[in-house]
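Worksheet: the structure to be examined is printed underneath.
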Amino acid sequence: MQGLMQDRPLLISSLLEHARRFHSDTEIVSRTVEGPTVRTTYAGLAERAAKIAEALIEKGVKPGDRVATLAWNTHRHLELYFAVSGIGAVLHTVNPRLFLEQIEYILNHAESSVLLFDISFADMVAGLQPKLPLVRDFIAMTDAAHMPAHVANCLCYETLIEAQDGELEWPDFDERTASSLCYTSGTTGNPKGVLYSHRSTVLHSFIACQADGLQLSSRDTTLLSVPLFHVNAWGIPYASAMCGAKLVLPGPNLDGKSLYELAVAEQCTFSLGVPTVWLGLFKYIDETPSLDPNDLKIKRVVIGGSSAPRSIIEKFNRMGIYVLHAWGMTETSPLASISNLLSKHKDLSFDEKVDVQAKQGRAIYGVDLRIVNDEGQVLPHDGSIAGDLQVRGPWVTSGYYRSEGGDVLDKEGWFSTGDVAKIDSDGYVLITDRSKDVIKSGGEWISSIDLENAAVAHPGIHEAAVIGIAHPKWQERPLLVAVAKDGNPPTSDELKQFLSERVAKWWLPDDIVFVDELPHTATGKLQKMKLRERFRDYVLPG
């Protein structure tokens, strides 16, 4: 017997329609590439999204077509989030920080037929045009006064919108229809495409609005410092429409000064970002003594993308800002686990609470997590042993776009994440390393993440990375590569003494090298592959 419930498809357009009807006056604030700040509402967003959707249909965009963007966090990019998917096409957000060759590969691999771009990327697009034979329309996301002259046959976004009436009725279709396409950062080999559906996106949005999720609600003003080109901005545009949260978009400016000023001006209560974003914010605060950090009204921040150093969590907590440490990946939409405290933790000391927050959190509803050994045997969740982390769920990939990488699931439907983790009896995940980054020394594992977090806790260290260097006796030994604060590094002996109080002595790095900066991927993660290449022939002392 089946239930007698209405069967309505879970579509991204339904999120926008809900926001238009029930949160029509809620503000959306956007800084722009051109300079001025634009203020609109969910009602205004819905109207303009309908107009650009009508324009795309006029240009021949059909259901299933890939529509690509090279754009920052602006109101126009947000409009495309709903317009493209709303007509059954696939929004293909491209990371403009990738190498030019990777961008060319991604656009051609996705077979995108339209490319919309912010004018700050006009030079890039002009150079790419001859190499993109499948892109038939190039649209500059600007007004007529700022149109780039050197991009051939380029259309104007605002001119296209002005020609439409906005009377579009969003079509109904199967909720399993593809909605958006994001490519992995491609640290090894070519980037791979992860193809999301309307169903997976709407289900993922519910989690962000849960009290044990990201706690997003209509009472929040969100500073969206996660790029819209990075895993759908962690799902926040969709979740914000679902609950009616105010959105603040920083445009192209993600530096500490810009984010601080925008957060204060708009009285933001919530924000999200990778650790490097927060390091930039703290750097600006520390270097500007005239600021009063109490002017920040942020109550919660989400840290994801890579493991959050304990020092960042401690600093936020002392500012009265609660840290939600989250874990996920492009293949998980991305939310998979979130480190909310349980009621049993309310009486813990400051340091004990940080111990919990430093973990990557517990699995959210809809996501299954487990760890296995090299033979595929399931390991206990008692926090005692690390294994390969596997995941499955309704917003976890079942395979890469165009079958790149072959079958990625085991016979039980589990996806191997490439992370090494422990899971404790309360279900909290602790990522100890990437499988390719773990250091194998004398038959034992050394966690590069734990070593890095311990190093960054030193007041003289801005950022740190640990890689394994070949060793004739121990197979591998750790090399610590660090960036000093203010160009005034501590001595190696001083730093090793500091580390010896925080990690096992046999974990201590065999050597320490100071550099001006560390390489990062386009999404802000440490690029250890480049460090391994740079120090491939490095000879450790002794």
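The values are calculated or read from the model by the stated rules, or taken from the named source; none is laboratory data. These figures come from a predicted structure and were not determined experimentally. Heads up, the Cβs are rebuilt from the backbone with ideal geometry, glycines too, and the neighbour counts pull from every protein chain shown.
Some notes on this structure:
- Residue list for the range 333-364, restricted to those being under 16 Å from Ser307 (Cβ atoms) and assigned to a loop (DSSP other than H, G, I, E, B): Pro334, Ser339, Ala358, Lys359, Gln360
- Among the candidates Pro130, Pro171, the residue that is in contact with a Gly (Cβ under 7 Å, 6 or more places away or on another chain) and modelled with pLDDT of 95 or more is uniquely Pro171.
- Total residues in the range 435-483 satisfying the condition of being of a type in the set (Ser, Thr, Tyr) and farther than 15 Å from Trp506 by Cα: the figure is 1.
- Residues being over 21 Å from Pro227 (Cβ atoms), out of contact with any Phe, Trp or Tyr (no Cβ under 8 Å at 6 or more places or on another chain) and of a type in the set (S, T, N, Q) - total across the range 15-52: 1
- A single entry from Ala68, Ala53 fulfils the requirement of being under 12 Å from Ala83 (Cβ atoms), buried (at least 23 other Cβ atoms within 10 Å of the Cβ) and either assigned by TED's automatic domain parsing to the domain that holds Val90 or out of contact with any strand residue (DSSP E or B) (no Cβ under 7 Å at 6 or more places or on another chain) (or both): Ala53.
- Test result for Phe206, farther than 30 Å from Gly35 by Cβ, at pLDDT 95 or above and in contact with a Pro (Cβ under 9 Å, 6 or more places away or on another chain): no
- Test result for Ala455, surrounded by 22 or more Cβ atoms within 10 Å (Cβ to Cβ), without any contact (Cβ under 8 Å) to a residue 60 or more places away in the chain and not charged (D, E, K, R): yes
- Unique residue being of a type in the set (S, T, N, Q) and surrounded by fewer than 16 Cβ atoms within 10 Å (Cβ to Cβ) when the list is Ser441, Ser435: Ser435
- The residues in the range 228-248 that are part of a loop (DSSP other than H, G, I, E, B) and touching a strand residue (DSSP E or B) at 6+ places or on another chain (Cβ under 6 Å) can be counted, and the count is 3.
- Residues that are basic (Lys, Arg) and without any contact (Cβ under 8 Å) to a residue 60 or more places away in the chain within the range 8-65 comprise Arg8, Arg20, Arg21, Arg39, Lys62, listed in sequence order.
- Condition check for Asp486 on (1) buried (at least 16 other Cβ atoms within 10 Å of the Cβ); (2) farther than 30 Å from Val231 by Cα; (3) among the acidic types (Asp, Glu); (4) within 30 Å of the chain's Cα centre (by Cα): one failure, at (1).
- Hits in the range 341-398 - residues which are more than 13 Å from Trp414 (Cβ to Cβ), of a type in the set (Gly, Ala, Ser), at pLDDT below 95 and more than 27 Å from the chain's Cα centre (by Cα): Ser384
- Ala239 being crowded, with 24+ Cβ neighbours inside 10 Å, in contact with a Ser or Thr (Cβ under 6 Å, 6 or more places away or on another chain) and modelled with pLDDT of 95 or more: yes
- Residue match in the range 173-180 (condition: more than 29 Å from the chain's Cα centre (by Cα), over 30 Å from Glu533 (Cα atoms) and part of a loop (DSSP other than H, G, I, E, B)): no
- Any chance Glu101 is assigned to a helix (DSSP H, G or I), within 29 Å of Arg21 (Cβ to Cβ) and free of Cβ contacts under 8 Å to residues at least 40 places away in the same chain: no
- Sole residue being among the acidic types (Asp, Glu), touching a helix residue (DSSP H, G or I) at 6+ places or on another chain (Cβ under 7 Å) and within 15 Å of Ser307 (Cα to Cα), chosen from Asp437, Asp419: Asp437
- Scanning the range 259-315 for residues that are closer than 28 Å to Ala464 by Cβ and part of a loop (DSSP other than H, G, I, E, B) turns up Val274, Thr288, Pro289, Leu291, Leu296, Ile298, Gly304, Gly305, Ser306, Ser307, Ala308, Pro309.
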